[in-house]
Each structure stands twice: as C-alpha cells, then as structure tokens.
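Please read the structure below before turning to the comments.
Read-outs: derived from the displayed coordinates by stated rules, not from any lab. This one's a predicted model, so the numbers in the text were calculated from it and none came from an experiment. Reconstructed Cβ throughout: ideal geometry from the backbone, glycine too, with neighbour counts over all protein chains shown.
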Amino acid sequence: IKTAIEYETRIRDIYIEAVAAIDDEVGKRIFETLVKDEQHHIDYLEYKLEEFQKTGAIETGRLESAVPDQKNISQEADKIKSLTAKDFLGIKQQMLSKALKAEVETSAFYQKMVNELPADARPLFERFLEIENNHIKAVQFELDYMSKTGYWFDFKEFDME
C-alpha cells in the first residue's frame, strides 16, 4: 500500500505540474480533474493503510474514479478532444507523455500486486488496476489525437498505403 501511495503521488504531481503549465481553461480543467482523481486514490490508500495497521485486515469498498471507463471515454471523445486547443500543444503533449509513462508504470505495479498477492488481498489492487488502465486509455487517446499518428483511441483512422 505504501508503494501504491508513492506511485499515485507521483502521478498526481505530474498532473499538478500540467495544470500549472497549461493556460487554456479546458485543458486546465481536464488536468485538474485528474489531480482530484489521483488525490482521491491517495486518500483512499492512506485510509486503507491506517485500517490495515489498526486491524490487520482491509475491507474492500468500491473506489470511484472521476475518469470515465473505456466505454464512456469512447462516447465522450468529442469533449476530450478539446484538450488539443491550438495554443500550448507542445506543452500538453510533453505533459501527457510524462503522464502516460507514469500511468503505465503504476498499472504494471498494480498488475504485479494482483498476480502475486494472495486472493484475499487482490481486490484492492484489482480496482486500482482497472482505474489506471482507464487513465492509460484516456491519456493515450489524447496523445494519438494530438500527434496525428493515424490512430484515434486505438483505431486506425487512415493508412498511407
């Protein structure tokens, strides 16, 4: 749990840095939502750590996320595209690339916990894995759209052949 808190704090701090670097309001709001989501994860993990230290057990409650699941991200893609406003595109790409790297590392950590922990300890990390995978999809979607790679939300839009 302590390692998970470190991962979540690192990602939150990347999003805080992005909020400070982005001048357009839409981009700022999106990164602020991600900051709040990551802070909620930290608070939840700290509560679970305290619970474990007091009782030796963890009750797994439902952890909510401000970032929609993959299905809703697809449905709301036009709203998310607004992050690609003309100004500060390079800064947004840089911040999103940094965030994607941290999200992938965090997801790998949660996957390792799910694979290695006893069954009764997995539910906490399974939910975090699901949330982080949604974050990866959302950030990758933005990067693909901004970089005009020919992919949009993992779908090939065009082919040069």
The summed charge of the T3 Cβ neighbourhood (under 12 Å; Lys/Arg +1, Asp/Glu -1) stands at 0
The summed charge of the I42 Cβ neighbourhood (under 13 Å; Lys/Arg +1, Asp/Glu -1) stands at -3
In whole Å, largest first, the alpha carbons of segment 21-62 cover along the principal axes 46, 19, 6
